[in-house]
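**Student:** The following block contains the structure, expressed as structure tokens.
The values are calculated or read from the model by the stated rules, or taken from the named source; none is laboratory data. All of these numbers come straight from a predicted model, not from anything done at the bench. Here Cβ is always computed from backbone atoms with ideal geometry, including for glycine, and neighbour counts include all displayed protein chains.
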Amino acid sequence: MNGSRWFIIVYVAAIVSLVPCMTSTSIAVAAGPALPLASEMIPMDGANLTLLDRLAPHRLLVEVVPTAHNWFAGRFTGLPTDGPVTIGFSMTGRDTRGNTADVAKWRGLVPVMTCADPARFESYEWFRRDERGRWISGDIFKNEQERFAGDGPLPVQRAVPAALAAQFLSADGDCWAPWREVDATETLTGVNIFRLTHAFSAPTAAVAMRVPFTYTYLQQYLDRLRAADLPGVTIEEIGTTKEGRKLQIVRLDDPDPRDGAPPAKTILLTAREHATEPASSWVLAGALSALLRSTPEARRLREDTTWLVIPILDPDGSAGGVFDGLTEMFRQAPEDPADCPEVFAYARYFTQYFYGGRDIDVAVSLHNVEANEAEQVVCPFVTLRDREEVLSFNQAFFRSLAEQGFVTGDPLRPWDYGFTPFRLFGWCSAQFGAFALAFEVNDRYPQQRLSLDRLQSLGGVLAVSLHDWLATPDGEIIRARVARLATLKRLECDVHYNRAVYGPEERTGVDLITRGFIQSRETGTEGR
């Protein structure tokens with residue numbers, strides 16, 4: 001069927017689904033010139049919604065662009081406040097390579113909304129009552145006195161107007177966050193439309209599939225981390241993206257290294273390889289919270305351990321709502337590094353780290369799935385080289401999650417096996433021997449959705465599980481294997497640049513991406 005004819009048919013079907021009370025005559029009118037738009041979209045970091053039509057005063061039709069099926073976000077102004085508003089999401093024609101844009105994946109999805117400004121740091125601050133009934137902020141950059149937010153029915157907060165704050169209180173009255181779930185949803189698979197209905201109390205509001213974790217928020221977070229000036233904490237700025245955003249790694253070294261201690265192990269945590277999967281970033285924010293606190297447990301987790309944390313691997317994709325801008329880009333490098341500066345920046349950083357004498361023991365990649373695709377935590381992929389050890393870690397990690405009330409998939413049944421050398425965590429495994437782990441998280445799991453504070457607590461469980469598992473017999477096997485492979489890799493690099501083996505005419509520069517080599521000091525340059 002002709003593509004334009006197909007769009008017209010589905011578009012009319014979308015109107016029928018959104019305005020069910022129309023007669024056949026009124027449908028014909030609605031399919032003609034659009035009504036004047038009272039509601040409009042306003043800019044928002046990570047937004048990917050386009051307003052198509054106001055089909056009726058309280059009915060909007062939007063489109064998800066670009067094609068990111070596991071994410072939508074947008075900020076509206078001019079919303080009616082005199083009754084519920086229905087927003088329909090058209091997925092027609094939004095297929096991507098290997099991924100059909102089918103709203104059936106959104107069955108059971110309950111998105112979130114806020115009337116706070118998504119660009120402000122406070123718009124992501126949650127509060128929970130302690131055992132004494134006091135409201136305590138989840139902001140780790142506040143001291144104990146600052147974190148206390150009163151003991152009244154609602155916390156003292158700055159995200160939303162006081163008159164609207166009660167709407168964001170949890171049903172049990174023990175948790176408050178500036179993002180709440182929408183009132184109602186419906187999935188219309190026949191016309192590939194998902195719609196939400198919500199009674200907005202303010203004319204300006206943002207809606208999103210799940211709570212955003214934006215590049216703007218990350219910069220505010222890192223500014224506060226710098227200002228805290230915590231021992232052993234460094235924010236590595238390793239380059240810029242093609243659009244000029246910063247590429248950043250949070251490095252946590254042992255804040256109190258002991259003389260004569262064994263070589264520190266390194267654990268790499270990455271999120272947003274698929275840039276439109278913000279739940280993974282919130283998990284890493286939770287891991288950072290667990291590691292940065294001034295507690296004996298945090299000191300234990302950082303002892304003789306370096307943590308490298310990348311909350312947003314693809315900043316441009318995050319800002320533009322692009323699903324897979326960097327996915328599988330760690331392959332044969334382009335002729336001009338400017339065509340993909342992110343890949344070269346990450347590759348340089350990790351090769352310099354490795355040839356500086358530090359092994360990368362573990363490399364973790366976190367993702368998130370759509371609402372009904374999986375439980376709260378599942379393992380999508382196992383590297384064949386480390387199959388038995390990965391399954392061993394999965395068992396320990398999933399058991400700890402279950403003890404904390406999380407719902408997991410089967411730790412012994414990943415979705416697939418193989419190798420992923422073209423993704424950063426798999427590239428670190430292939431080049432430097434790192435133990436590669438991948439997990440999908442799902443805070444929108446229909447049977448048990450996660451609040452923002454619960455999602456972050458999952459990151460704490462991950463950090464403890466990784467640290468403690470490396471001290472088990474299986475973990476010691478992995479560390480020994482990593483050390484052996486790292487020794488062989490460094491020897492291979494030395495041989496490659498040995499003048500006795502390679503003459504000057506053959507030493508034309510390393511392919512940083514495909515070999516993971518870094519040029520020796522004798523050549524006068526590093527990397528490519």
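**Student:** For the range 398-429, which residues satisfy the criterion of being within 22 Å of residue 352 (Cβ to Cβ) and of a type outside the set (D, E, K, R)?
**Tutor:** 421, 422, 424, 425, 426, 427, 428, 429 - these are the residues of the range 398-429 that are within 22 Å of residue 352 (Cβ to Cβ) and of a type outside the set (D, E, K, R).
**Student:** Quick check: anything in the range 396-405 in contact (Cβ under 8 Å) with a residue 24 or more places away in the chain, out of contact with any Asp or Glu (no Cβ under 8 Å at 6 or more places or on another chain) and part of a loop (DSSP other than H, G, I, E, B)?
**Tutor:** yes
**Student:** Answer yes if at least one residue in the range 185-207 is within 13 Å of residue 73 (Cβ to Cβ), under 26 Å from the mean Cα position of the chain (by Cα), at pLDDT 95 or above and surrounded by fewer than 19 Cβ atoms within 10 Å (Cβ to Cβ), and no otherwise.
**Tutor:** No, that holds for no residue.
**Student:** Still on this model: Identify all residues within the range 392-429 that are of a type in the set (A, V, I, L, M, F, W, C), under 22 Å from residue 467 (Cα atoms) and surrounded by fewer than 19 Cβ atoms within 10 Å (Cβ to Cβ); write none if there are none.
**Tutor:** 396, 402, 407, 412
**Student:** Considering 342, 440, 389, which residue is charged (D, E, K, R), part of a strand (DSSP E or B), assigned by TED's automatic domain parsing to the domain that holds residue 238 and surrounded by 20 or more Cβ atoms within 10 Å (Cβ to Cβ)?
**Tutor:** Details: 342 fails: part of a strand (DSSP E or B); 389 fails: part of a strand (DSSP E or B).
Just a single option satisfies the conditions, and that option is 440.
**Student:** Something else about it: So residue 103 fits all but one of (1) out of contact with any Lys or Arg (no Cβ under 9 Å at 6 or more places or on another chain); (2) surrounded by fewer than 19 Cβ atoms within 10 Å (Cβ to Cβ); (3) in the same structural domain as residue 78 (by TED's automatic domain parsing); what number is the exception?
**Tutor:** Checking residue 103 against (1) out of contact with any Lys or Arg (no Cβ under 9 Å at 6 or more places or on another chain); (2) surrounded by fewer than 19 Cβ atoms within 10 Å (Cβ to Cβ); (3) in the same structural domain as residue 78 (by TED's automatic domain parsing), the one that fails is (2).
**Student:** Could you look through the range 326-339, keep only residues that are buried (at least 18 other Cβ atoms within 10 Å of the Cβ) and modelled with pLDDT of 85 or more, and pick out the one that is nearest to residue 46 (Cα to Cα)?
**Tutor:** It comes out as 326.
**Student:** Taking the condition of being surrounded by 18 or more Cβ atoms within 10 Å (Cβ to Cβ) and within 19 Å of residue 219 (Cα to Cα), how many residues in the range 122-138 meet it?
**Tutor:** Total meeting the criteria: 5.
**Student:** Tally time: how many residues in the range 453-476 are in a helix (DSSP H, G or I) and touching a helix residue (DSSP H, G or I) at 6+ places or on another chain (Cβ under 7 Å)?
**Tutor:** 15
**Student:** Say we look at the range 120-151 and pick out the residues that are farther than 23 Å from residue 161 by Cβ and outside any loop (DSSP other than H, G, I, E, B); which of these is modelled with the highest pLDDT?
**Tutor:** Of everything passing the filter in the range 120-151, 145 is modelled with the highest pLDDT.
**Student:** Given the conditions (1) touching a Gly at 6+ places or on another chain (Cβ under 9 Å); (2) in a helix (DSSP H, G or I); (3) among the hydrophobic types (A, V, I, L, M, F, W, C), and given that residue 363 satisfies all but one, which numbered condition is not satisfied?
**Tutor:** If we test residue 363 against (1) touching a Gly at 6+ places or on another chain (Cβ under 9 Å); (2) in a helix (DSSP H, G or I); (3) among the hydrophobic types (A, V, I, L, M, F, W, C), just (2) comes out false.
**Student:** Given the options 245, 300, name the one that is touching a Phe, Trp or Tyr at 6+ places or on another chain (Cβ under 7 Å), of a type in the set (D, E, K, R) and modelled with pLDDT of 95 or more.
**Tutor:** Working: 300 fails: touching a Phe, Trp or Tyr at 6+ places or on another chain (Cβ under 7 Å).
Matching residue, one of 245, 300: 245.
**Student:** Let me ask another. Can you name every residue in the range 73-110 that is β-branched (Val, Ile, Thr) and at pLDDT 85 or above?
**Tutor:** Taking the range 73-110 and keeping what is β-branched (Val, Ile, Thr), we get 77, 81, 85-87, 92, 96, 100, 103, 110.
Matches in the range 73-110: 77, 81, 85, 86, 87, 103, 110.
**Student:** Can you pull out the residues in the range 228-262 that are in contact (Cβ under 8 Å) with a residue 40 or more places away in the chain and either part of a helix (DSSP H, G or I) or among the acidic types (Asp, Glu) (or both)?
**Tutor:** Listed by number, the residues that qualify are 228, 236, 243, 253, 254, 256.
**Student:** Next question, about the same structure. Being touching a helix residue (DSSP H, G or I) at 6+ places or on another chain (Cβ under 7 Å) and closer than 18 Å to residue 180 by Cα: is that true of residue 160 here? Lay out the reasoning, then the answer.
**Tutor:** Numbers: touching a helix residue (DSSP H, G or I) at 6+ places or on another chain (Cβ under 7 Å): yes; closer than 18 Å to residue 180 by Cα: yes.
Yes: the conditions hold for residue 160.
**Student:** Determine, yes or no, whether residue 165 is farther than 24 Å from residue 287 by Cα and free of Cβ contacts under 8 Å to residues at least 60 places away in the same chain. Give the derivation first.
**Tutor:** Values: farther than 24 Å from residue 287 by Cα: yes; free of Cβ contacts under 8 Å to residues at least 60 places away in the same chain: yes.
For residue 165, the condition - farther than 24 Å from residue 287 by Cα and free of Cβ contacts under 8 Å to residues at least 60 places away in the same chain - is met.
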